[in-house]
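Quick note: the coordinates plus some simple rules give every number you see, no bench work behind them. Note that this is a predicted model, so its numbers are computed, not measured. Every residue, glycine among them, receives a Cβ derived from its backbone with ideal geometry; neighbour counts consider all protein chains shown.
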Amino acid sequence: LNLILERRTMKGIKLTAEVAEIRELKHFGKNSDFPVQTVIVNRGTYPYEIKFAGDDGIAMCAKLGVGDQAEFECTLGCREWKKPDMDESKYFYSLECDVVLVTTKAGQKEPVVNPQPVGVGDADIPF
């Protein structure tokens, strides 16, 4: 089965939302050494799923709590999936958090900055 996969990214997507759920930490990779945590946020009608990847991303995510208001700066990733014998492509999107600024219910702001933004397509990724 031959599949064609192509990745595209767009950095600097800003989103202000309330944290609705923090999902269980999962590990990926050959040795299960790449941590990814998913946070569900509410913004209007539809929820958004934001990924925090790598050790820096997990450290950022640890500062979040359910009910927190936050400003997220994300990278929008897109994967194209197409079977060679089909004309139609399917697209899969993901949001990976690079920077988050948490506004607590008391109105205090605590910046949480990832010193090396985590994002699909960064030049320093070794693959």
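Summary of packing: across the peptides 19-26, 79-86, the per-residue average of other C-beta atoms within 10 Å ranks them, highest first, as 19-26, 79-86. Label-to-label distance for residue 58 and residue 87 is 4.7 nm, based on points extended 7 Å past Cα in the beta-carbon direction.
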